[in-house]
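**Q** Handing you a structure now.
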Amino acid sequence: MSVPRRTPYAALIALPGLLFALLTWQVLVHGPLLREDARLSRDLVHPDRFSELLSDLGNVQVAVPVLLLAAGYAAVRGRSAGSHRWWLPPLAAALLMALLPALVVPLKLWTARPGTPVVPPATGYFPSGHTATACVAYGSAVLLLLPWCRTPAARRTVPAVGAALVLAVSYGLVRRGFHWPLDVLASWCLGTMLLTALAWALSRSSRRRSAGTPSSRSGPSSPTTSSDRAARARFRGSGTSRSSSAS
């Protein structure tokens, strides 16, 4: 008997959370990781037009419309399928995207990390807002589209495209010199925690639907419905046999 695999949601939140806390602490105390970060940045920075275009994929004006398109598609598919609370997954993804600035902006103000030598003098580069936007927008789009992917190829392609977009943004930001590598890594951790929370919420909603929650089109369903029908059929059959024997 095979045991179904369970997604380790707690680990996917706790481990990135610990790493994020370590990186934040290093930025606040100007720890040794920052020296290694600066050395790595010097080796990687090579400003060019291509890396700038890649970093632009993390702009709100680019990433959020992609999420809205995925949310609209998931809403239409869910409503046409008669799914109970078809609006919940798109709404949850939209709320998570709206919540992101409330998390990132205070962290930027608190850490007040200066930028690389390539950018004008300023602070507030940790964590990377563009990377966090890409992680949440493209990652949420993947979570919304996966339930409607009917072929193995589609189920492989959608996450691969989402991951490629996040990696492209991350590479562009570091290569162009818009962010230190640790800024990007911190946003990966933050994005992983937020997407894991979203995936957990969506999975709970999906389990409730599959357990027999009433559908807006099909009406209430219950695990005992089929057994009740069978019992009624047996009762009618026994009544018919008694009447025929009496006649």
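The values are calculated or read from the model by the stated rules, or taken from the named source; none is laboratory data. Keep in mind that what you see is a predicted model, and the values were worked out from it rather than measured. Here the Cβ positions follow ideal geometry from the backbone for every residue, glycine too, while neighbour counts run over all protein chains shown. Only protein heavy atoms, including side chains, enter the accessible area calculation; ligands, DNA and RNA are left aside. Shrake-Rupley method; radii C 1.70, N 1.55, O 1.52, S 1.80 Å.
**Q** Mind counting the residues in the stretch 129-181 that are in contact with a Ser or Thr (Cβ under 9 Å, 6 or more places away or on another chain), in contact (Cβ under 8 Å) with a residue 40 or more places away in the chain and of a type outside the set (S, T, N, Q)?
**A** Final tally of qualifying residues: 20.
**Q** Can we say A70 is open to solvent by 70 Å² or more (accessible area, probe 1.4 Å) and within 14 Å of the chain's Cα centre (by Cα)?
**A** Working: open to solvent by 70 Å² or more (accessible area, probe 1.4 Å): no; within 14 Å of the chain's Cα centre (by Cα): yes.
No; evaluated as a whole, the condition is false for this residue.
**Q** Of these, Y138, Y125, which one is aromatic (F, W, Y), crowded, with 16+ Cβ neighbours inside 10 Å and not in a helix (DSSP H, G or I)? Lay out the reasoning, then the answer.
**A** On the way: Y138 fails: not in a helix (DSSP H, G or I).
One residue alone meets the criteria, Y125.
**Q** Just a yes or no: is a residue in the stretch 212-219 on the phi > 0 side of the Ramachandran plot, open to solvent by less than 50 Å² (accessible area, probe 1.4 Å) and at pLDDT 95 or above?
**A** no
**Q** Hey, another quick one. Out of L173, L145, L167, which single residue is open to solvent by less than 60 Å² (accessible area, probe 1.4 Å), in a helix (DSSP H, G or I) and either among the aromatic types (F, W, Y) or farther than 27 Å from G78 by Cα (or both)?
**A** The conditions single out L173.
**Q** Here is a list: L12, L95. Which entry is surrounded by 13 or more Cβ atoms within 10 Å (Cβ to Cβ) and either of a type in the set (A, V, I, L, M, F, W, C) or at pLDDT 95 or above (or both)? Step through it out loud before you land on a result.
**A** Numbers: L95 fails: surrounded by 13 or more Cβ atoms within 10 Å (Cβ to Cβ).
Sole residue among the options that is surrounded by 13 or more Cβ atoms within 10 Å (Cβ to Cβ) and either of a type in the set (A, V, I, L, M, F, W, C) or at pLDDT 95 or above (or both): L12.
**Q** Inside the stretch 21-67, can you point out the residues that are open to solvent by 20 Å² or more (accessible area, probe 1.4 Å), in contact with a Pro (Cβ under 8 Å, 6 or more places away or on another chain) and closer than 21 Å to T192 by Cα?
**A** Result: no residue meets the conditions.
**Q** Take the conditions basic (K, R), open to solvent by 80 Å² or more (accessible area, probe 1.4 Å) and in contact with a helix residue (DSSP H, G or I) (Cβ under 9 Å, 6 or more places away or on another chain) and apply them to R85. Does it pass?
**A** On the way: basic (K, R): yes; open to solvent by 80 Å² or more (accessible area, probe 1.4 Å): yes; in contact with a helix residue (DSSP H, G or I) (Cβ under 9 Å, 6 or more places away or on another chain): yes.
Yes: the conditions hold for R85.
**Q** Taking W110 as the residue in question, decide whether it is within 17 Å of L145 (Cα to Cα) and either free of Cβ contacts under 8 Å to residues at least 24 places away in the same chain or open to solvent by 60 Å² or more (accessible area, probe 1.4 Å) (or both).
**A** In short, no.
**Q** Within the stretch 1-79, which helices (runs of 4 or more DSSP H) (wholly inside it) include 3 or more residues that are of a type in the set (V, I, T) and touching a residue at least 40 places away in the same chain (Cβ under 8 Å)?
**A** 9-29
**Q** While we're on this one: Going by the structure shown, is A102 within 30 Å of A71 (Cβ to Cβ), out of contact with any Asp or Glu (no Cβ under 6 Å at 6 or more places or on another chain), exposed (fewer than 13 other Cβ atoms within 10 Å of the Cβ) and of a type in the set (A, V, I, L, M, F, W, C)?
**A** Criteria met by A102.
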